[in-house]
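Since every read-out is calculated from the coordinates, none of them should be taken as a lab result. Predicted model, so just to flag it, every value in this text is computed and none were measured.
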Amino acid sequence: MKRKSLILAIIILFSITGVSCTGISDLRNSKRHSTKKITPRENAYLKCETKNDAQDIPACLRKKDDYSLHNRLPQNVAVDKEGCPVDGDADGVPDYRDICPDTVPCVSVDEHGCAVDSDDDGVCDAFDQCPGTEGGVLVDESGCPVDSDGDGVGDIDDHCPGTPYGARVNENGCWVIDDILFEFNRADIRPMYMYLLDEVADVISWNHNIDVEIQGHTCMIGSEQYNQQLSEKRAEAVREYLIERGIGEERVYATGFGEMKPRVGQITEEGRALNRRAVILRIEQK
């Protein structure tokens, strides 16, 4: 009975003062309410009510970061005209929390306002041309493993550092020089190998700190003396070709080994054919 009387008294009081119970929005529009400035939370509440989200006001309020962030701001934080913290580089992280100011546009950042670097190599993802670099690998400005000799194989995987400029390399970063094969009992260079020798000549001419040694070989057919002479002729033929391409005589050496250093077994004709060859080896100048 007392409860009903209390409710009736409240209704009578509101009817006398002219204030309705329709919500905060009515108070905002009323000339009878206090002139105290509306707080950010009240402003967010009004926005939620205006959007007809009154059925779930708490959820709506959680989306209104402006009031909740404002309430957590430290003192003396610069804000914009809307009362939000200034974000000078527009990366989504306000300046007072941004430890990486002046982030370039369109770059993803972490919660500290720094550009995301997924592989932690010191180069942000937006500019990393080699994503997924393994930890501890030294990288260049593009985020790729350092390749000191510029052969296309990073130092961490390069088994032959210091490869001459322009040299063709394998997956280990080593200069690949194919053997020059000869026909049986011949020492003349076949046309199919001339482009390989042209490639070698270019590398030698581009790198003045290296010389080469030409080693001639034969198969086991014939006498040792004859094969020794034939191997020397084969090595000399390659040397003369490189000299004709402009390589100085003092930079190219020729040696014959006869049949003493076969590449493979000589039981089959295929094996003997592979042993009739000239090999080009790099020599570092002293």
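Miscellaneous remarks
- The alpha carbons of the range 180-284 stretch over 41, 25, 20 Å along the principal axes, in descending order.
- Sequence-distant residues sharing a close amide H with ALA254 (under 5 Å, placed H): ILE214
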